[in-house]
1. Anything over 27 Å Cα to Cα? Flag those among LYS30/LYS334; LYS30/LYS308; LYS129/LYS358, in the order listed.
2. Please order VAL180, VAL241 by the number of other Cβ within 10 Å, starting at the fewest.
3. Okay, helix-only estimate at 222 nm for the chain: each DSSP H run of n ≥ 4 adds -39500 (n - 2.57), divide by all residues, round to 500 deg cm²/dmol; what do you get?
4. Quick query: amide H of ASP291 versus all other amide H atoms, modeled in the peptide plane; which residues come in under 5 Å with a sequence gap of 5 or more or a different chain?
5. Send over the per residue convex hull volume for the chain, Cα only, as a whole number of Å³.
6. Can you work out the Karplus-derived ³J(HN,Hα) for every residue in the stretch 81-88? Use 6.51 cos²θ - 1.76 cosθ + 1.60 with θ = phi - 60°, whole Hz, and x for glycine or proline.
7. Tell me, in nm to one decimal, what length is gained between ALA366 and GLU73 on full extension, where the rule is 0.36 nm per residue of separation less the Cα-Cα distance?
8. When only C-alpha pairs under 8 Å and at least 6 residues apart count, what is the relative contact order of the chain, in percent?
Amino acid sequence: MPLRRELHGVIIGLIAGLAIGSIIKGMIIKTEIRDLYNQISDLKRQIAVVKVAIPPLRNLAEKCGIYIGAAVERSLLDIPDYAYTLKQEFNILTTENALKFGPVHPQPDTYSFSDADYIISFTERNGMKVRGHTLMWHQQLPSWVAQGNYSREEWINIMREHIMTVVGRYKGRIYAWDVVNEAMADNGTLRDTIWLRNIGPEYIEMAFRWAHEADPQALLFYNDYGAEGLNVKSNAIYNLVKSLLEKGVPIHGVGLQMHVSLENPSNPQEVAANIKRLNDLGLEVHITEMDVRIRMPARWEDLVEQAKMYRDILRVCLSAERCKAFVMWGFTDKYSWIPGYFSGYGAALIFDESYMPKPAYYHIAATLIEHLTKK
Ligand code: XIL
């Protein structure tokens, strides 16, 4: 009997001990979580204070004589944080999809301008410029074009009517057009596209001439990727735009897309040399679609590395004779084309998914300030 009682005592003691232990542990964990929460809120407050102390990027960029911006989607402009950050930070926007052939001209006789109209009036209300993207490309074509069977003359008419209508509609309101996008293959020959096959290499100069006719004020750009530094492709693009200029084709600039990754950075000296040779032809350069994708999950060191890549390219742009716009392909990691197109990659932009500035944001601000204090 006494043994059993003792055993009871021990068991009850054990249970009580465990119960009290777990209550105490629960309290400790709760305090730890609360501490962590307080620390995070504090950090957020500090970030907000630092952020208020830095002038918006657009103010700094304006003083440096360049435009800074992002590609945008019409539907996202209804999200208050999205619209607010754009207005606050940028002075140039690119239409990410709204003005591509498929979205804007879905049927031979139907144009769908409402998204682009909305974006453009947003920019006008907020004192921003617009980059129109893009007139002649081999992707995002409507099926009546992609699967169309027409004579050469009909293809030329399709192109002409499209360019005159789209560029004409926004005459005087679009600062720069990406007239021809990605027409060069990586090996330095013209890319085999529906336009090249059906019209021939002349489609490029035709596009520039009609765009100029439809809006003589707009700056007209050739835009491409993988041709930022010095390589076969950028040499071929250099030769192409040089020959266009020699023929008197109205082309005013070259867009360097700058979709890069941590593993595959652009060499800043080469980018500087490429911009210089284009500027020497009398052409302006824009960085048109920069993002720096990271293999997920992104570590803090990756974000710091990414920040340096944004800084290096912005520095090159600022010290060039005529690199007048620095545009990113979006601005918040919440909405970026990267995760959908490069599996396993993300975190490519300068604000995180909750619109908090990342190290890249601060490096960009610091680089603009550095340029202003050097002047
Ligand atoms: C991308 C858009 O971001 C995506 O939303 C769309 O689904 C595909 O196109 N180079 C270009 C851009 O010139 O038009 C592309 O944009 C990204 C690569």
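Laboratory data are not the source of any read-out in this text; all were calculated from the coordinates shown. Note that the structure is a prediction, hence the values are computed from the model and not measured. Don't worry about glycine lacking a Cβ; one is built from the backbone with ideal geometry, like all the others, and counts go over all protein chains shown.
1. Among LYS30/LYS334; LYS30/LYS308; LYS129/LYS358, the Cα-Cα distance tops 27 Å for LYS30/LYS334; LYS30/LYS308.
2. Values: VAL180 27, VAL241 20.
Fewest to most other Cβ atoms nearby, the residues stand as VAL241, VAL180.
3. -16500 deg cm²/dmol
4. Long-range HN contacts for ASP291: HIS259, VAL260, TRP329.
5. On the way: hull volume 72.2 nm³, N = 375.
Here the figure is 192 Å³ per residue.
6. The phi angles translate into 4, 5, 5, 4, 4, 4, 4, 5 Hz.
7. 102.7 nm
8. Over the chain, the number comes to 14 percent.
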